[in-house]
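The values are calculated or read from the model by the stated rules, or taken from the named source; none is laboratory data. As the structure is a prediction and not an experimental result, all values here were calculated from the model. Here the Cβ positions follow ideal geometry from the backbone for every residue, glycine too, while neighbour counts run over all protein chains shown.
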Amino acid sequence: MRKQILLAAVLIILVSILVWLLIPRPAVQKIVEPVKPPKVNSLFTEHIFNIKEKKQPLINIVNIRKEGNLYYFSSRVIKKGKKDVITEAKLNTDFETKEWKFTNPEKNIKVTAVRKENKILLTGTFDNKENNKKEINIDERKWQQIYQLGFMKFAVSSDKANSIEFWCLNPDEPGNAMVLVAAKESREIIELNGSRIKTAKLKICLAGLLSVFWTGDYWFRLSDGFFVKAKVSGDLFVELKQEKKTN
């Protein structure tokens with residue numbers, strides 16, 4: 001009799017569990033915290049970088065402004081006893097390069113590059129030729145000539161994408177377009193001007209097997225995504241020194 005009662009109780013429990021499992025329930029939605037975009041207001045300051053190239057100290061002054069749907073980037077590298085190296089660029093609201101101007105008197109380069117769909121059109125003095133013109137075929141991948149802005153969102157985002165491929169022109173040889181890869185490395189606290197700040201580190205290198213020829217490390221501030229430090233190569237280092245508010 002006891003065995004029968006025990007068996008009946010077990011059957012009732014099993015039936016109850018089965019019924020509970022079969023009752024339809026609303027799907028549980030996974031709450032995903034939205035990624036906060038970089039604080040673009042922090043861009044509109046004068047950014048002063050220290051550069052060490054082969055142990056020679058240089059100063060880099062960067063200014064950014066916005067007009068309509070375009071960001072305007074300007075950079076001046078000051079080297080004692082040499083003419084300044086000047087970079088100017090126009091970027092869209094996703095910080096994708098649309099136009100790039102580069103002047104390096106020491107290397108006889110003064111070039112303008114504009115993207116037209118899947119082509120980059122170059123004009124100016126480059127490849128040791130004045131009044132030169134060149135048309136470079138690319139593909140749908142982004143042209144990210146200005147790392148400081150182009151990778152702000154990607155560096156601090158928490159999405160699943162850990163790497164991104166992009167196009168870039170070689171400033172020393174502007175007629176040479178390359179595919180590079182930016183990959184998320186880590187989150188690090190670094191010392192910067194006597195303060196400890198949280199950063200996201202990216203590794204940027206040539207795509208594929210060419211990565212053995214060049215790799216650089218870049219750090220972006222987590223609070224706003226802005227670029228603050230880089231080890232571009234074994235003898236070229238960049239570090240944000242000062243930020244000044246501009247009108």
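Quick look at the values:
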| item | result |
| --- | --- |
| The range 152-164, subset of a type in the set (A, V, I, L, M, F, W, C) and more than 25 Å from ARG65 (Cα to Cα), residue surrounded by the most Cβ atoms within 10 Å (Cβ to Cβ) | ILE164 |
| Within the range 121-151, tally of residues that are in a loop (DSSP other than H, G, I, E, B) and closer than 11 Å to GLY175 by Cα | 2 |
| Verdict on LYS80 being surrounded by 15 or more Cβ atoms within 10 Å (Cβ to Cβ), at pLDDT 50 or above and either touching a Ser or Thr at 6+ places or on another chain (Cβ under 8 Å) or under 30 Å from PHE227 (Cβ atoms) (or both) | no |
| The one condition in (1) within 19 Å of LEU91 (Cβ to Cβ); (2) touching a strand residue (DSSP E or B) at 6+ places or on another chain (Cβ under 8 Å); (3) surrounded by fewer than 18 Cβ atoms within 10 Å (Cβ to Cβ) that LEU149 fails to fulfil | (3) |
| Count - residues of the range 87-99 that are under 17 Å from the mean Cα position of the chain (by Cα) and among the hydroxyl-bearing types (Ser, Thr, Tyr) | 2 |
| Qualifying residue in the range 161-168 (condition: touching a residue at least 40 places away in the same chain (Cβ under 8 Å) and not hydroxyl-bearing (Ser, Thr, Tyr)) | yes |
| Subset of the range 93-138 (residues that are within 23 Å of LEU70 (Cβ to Cβ), out of contact with any strand residue (DSSP E or B) (no Cβ under 6 Å at 6 or more places or on another chain) and not basic (Lys, Arg)) | THR93, ASP94, PHE95, GLU96, GLU117, ASN118 |
| Contacts under 7 angstrom Cβ, first residue in the range 104-115 being part of a strand (DSSP E or B), partner basic (Lys, Arg), 6 or more apart | THR112/LYS101; ARG115/LYS98 |
| Count of residues meeting criterion [of a type in the set (A, V, I, L, M, F, W, C) and within 21 Å of ASN50 (Cβ to Cβ)] in the range 201-242 | 13 |
| Subset of the range 208-247 (residues that are modelled with pLDDT of 85 or more and either of a type in the set (Ser, Thr, Tyr) or at positive phi (or both)) | THR215, TYR218, SER223, GLY225 |
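Table: residues versus (1) in a loop (DSSP other than H, G, I, E, B); (2) surrounded by fewer than 15 Cβ atoms within 10 Å (Cβ to Cβ).
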position: PHE166; (1), (2): no, no
position: PRO174; (1), (2): no, no
position: GLU188; (1), (2): no, yes
position: LYS203; (1), (2): no, no
position: LEU209; (1), (2): no, yes
position: GLY216; (1), (2): no, no
position: SER223; (1), (2): yes, yes
position: ALA230; (1), (2): no, no
position: LEU240; (1), (2): no, no
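Quick grid of which residues meet (1) at pLDDT 95 or above; (2) over 17 Å from the mean Cα position of the chain (by Cα); (3) charged (D, E, K, R); (4) over 19 Å from PHE227 (Cβ atoms):
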site	(1), (2), (3), (4)
LYS101	yes, yes, yes, yes
LYS110	yes, yes, yes, yes
LYS119	yes, yes, yes, yes
ASN128	no, yes, no, yes
LYS134	yes, yes, yes, yes
GLN145	yes, no, no, no
